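The values are calculated or read from the model by the stated rules, or taken from the named source; none is laboratory data. Quick caveat, the model's predicted, so the values are computed rather than measured. Glycine gets a Cβ as well: all are built from the backbone with ideal geometry, and neighbour counts include every protein chain shown. We work out accessible area using only protein heavy atoms, side chains counted, and drop any ligands, DNA or RNA first. Shrake-Rupley method; radii C 1.70, N 1.55, O 1.52, S 1.80 Å.
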Amino acid sequence: NPQPKLSTSTGLNNFTQRPISCAVPQHSDHGPDTATTNDARGRLSILNLNRGHSFLMSPAAFSKPRFSPTAAVRNTTRRWMEAPLDDSGEATVVSINRDALNAFASEIAKSIVSKQSLKVAEWDADGWHYTGRRWLEFHRNNDEDDDDVLERMRMERVALYILTLDAINFCFWPLPSGLDESDSKHVNGLEYEHLAIALRKIAEADDEQINELGEDGKLGSKGDPVRAATSYALSPTKLSELTTSDLHSMIQPHFPPAHEDTIYELPNLEVRCQLLNELGRGLLEQHRGSAIHMIAQAGKSADALVCIILDTFPGFRDYVDTNQWKPSKTTSLEWELAKSSPSVVHFYKRAQIAVADIWAALGRHCSPPSSTTAALQMCQFNDMEAVTTFPDYRVPQILRHVEVLQYDSALANLIDGHVELEKYGIDEVSIRAGTVCAVEGKF
């Protein structure tokens, strides 16, 4: 099936969608789009009335943290899919075929049974990701610190790598600015693995470097958190000071060279650089410059860590306010209001991916409690089942291919016609909400 595209400007986490400008009344006379715009306005007023206070979540319904982002994803996506879009009872533009879902689930189950196991790929099975193992081996042979301290320092480096990767893990397909996307001679071949490998190579640059005493932020007498060496390219200080040109010169040499009509370049560099600046500043200002200090605050809860990431880094706040149909807001006050707003649909794709990556890299094969490397225990989250599927633009392609997700004719024609759609509208929310509900099996 054709791959729906993300908008190239600020399309973080989001699917593309049918043009909709109901938040901008002065644009209501845009010729062919007028009917779509006016129809959307009528739908939205009734939509929010129908849903009403069903979106409101009582604080008593959750244990700490007070706001449960994973519960919010489940609750709001399900309610979106269940409520009609207008008073005629018309369903959302995306529906879930229960028979196809059951057949697909049975196919997966039979595959697992036939192999007599559920074989899950290791996080670094393909060699894409940074593990810090070479760093650890080198420093065990050249450093006087005990294994527990060294392991904490390795974990800090890996956690910073993961946060960096997932902060900019979105939207790979557009051509860089300056190239004509209508020119079929140019194709951007960049994929997730290219970014993961490039950042791994950047992280490895100082693996075998001895730093001056104190530079690594080792555990001190006052229990200071472990911090990455200043030589580490992904340290909070380095990230907070990164410029767009720095990012390009740092990462581009690690991508494959251009070949015939295919180039490999990371688009939207300015947006990605801002997200990395925000990541560095957030760790420095709120978590004592330490990623594992931040992780420890979650108390071995994946849901709590998702919440901490959202509270700390506005760029991870992936939700849609259906009263306004515009990008997620980032001010602290508006973020607090969004947590319980009856008009917000929550997704949090990259925040949940970051937590899942941290668990896979640093917690999944956690040592037993008797182990001296007790630091690993903080990443062995006791509620990983709380994390939802990641509503990106890949999963629904599979679900549509096996006929689990079904689109109405207008949306299907747009996607099949490779039409790039505007952000933050009914189509996008419906595709992403339908993806979550199908994987959860609750709708």
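For this structure, a couple of remarks:
- Among the residues of region 276-301, those that are outside any helix (DSSP H, G or I) and out of contact with any Pro (no Cβ under 7 Å at 6 or more places or on another chain) comprise His287, Gln297, Ala298, Gly299, Lys300, Ser301.
- Any hit, region 308-329, residues being in contact with a helix residue (DSSP H, G or I) (Cβ under 8 Å, 6 or more places away or on another chain), free of Cβ contacts under 8 Å to residues at least 24 places away in the same chain and either assigned to a loop (DSSP other than H, G, I, E, B) or surrounded by 22 or more Cβ atoms within 10 Å (Cβ to Cβ) (or both): yes
- Unmet requirement for Pro257, which otherwise passes all of (1) open to solvent by 60 Å² or more (accessible area, probe 1.4 Å); (2) part of a helix (DSSP H, G or I): (2)
- Pair list, Cβ under 7 Å, 6 or more apart: region 269-285 residue acidic (Asp, Glu), other residue surrounded by 22 or more Cβ atoms within 10 Å (Cβ to Cβ): Glu278/Phe313; Glu278/Gly315
- From the list Leu376, Leu305, the one residue that fits, being in a helix (DSSP H, G or I), over 30 Å from Glu422 (Cβ atoms) and at pLDDT 95 or above, is Leu305.
- Filtering region 399-416 to residues that are assigned to a loop (DSSP other than H, G, I, E, B), at pLDDT 95 or above and either open to solvent by 40 Å² or more (accessible area, probe 1.4 Å) or charged (D, E, K, R) (or both) leaves Val402, Glu403.
- Picking from residues in region 170-209 that are in contact with a helix residue (DSSP H, G or I) (Cβ under 6 Å, 6 or more places away or on another chain) and in a loop (DSSP other than H, G, I, E, B), the one that is modelled with the lowest pLDDT is Glu208.
- Filter result (among the basic types (Lys, Arg) and more than 15 Å from the chain's Cα centre (by Cα)) within region 379-408: Arg400
- Failed criterion for Leu118 (all others in (1) open to solvent by 80 Å² or more (accessible area, probe 1.4 Å); (2) assigned to a helix (DSSP H, G or I); (3) modelled with pLDDT under 90; (4) not β-branched (Val, Ile, Thr) hold): (2)
- Among the residues making up region 286-304, those that are among the hydrophobic types (A, V, I, L, M, F, W, C) and either farther than 12 Å from Ala228 by Cβ or surrounded by fewer than 22 Cβ atoms within 10 Å (Cβ to Cβ) (or both) are Met294, Ile295, Ala296, Ala298, Ala302, Ala304.
- Residues in region 140-161 that are open to solvent by less than 30 Å² (accessible area, probe 1.4 Å) and touching a residue at least 24 places away in the same chain (Cβ under 8 Å): Val149, Glu151, Met153, Met155, Glu156, Arg157, Val158, Ala159, Leu160, Tyr161.
- Which listed residue is touching an Asp or Glu at 6+ places or on another chain (Cβ under 9 Å) and more than 30 Å from Ile292 (Cα to Cα), from Phe443, Phe381, Phe347: Phe443
- Residues being at pLDDT below 90 and either within 17 Å of Asn75 (Cβ to Cβ) or open to solvent by 60 Å² or more (accessible area, probe 1.4 Å) (or both) - total across region 335-373: 6
- Residue that is nearest to Lys349 (Cα to Cα) [pool: residues in region 308-327 that are at pLDDT below 95 and among the β-branched types (Val, Ile, Thr)]: Val320
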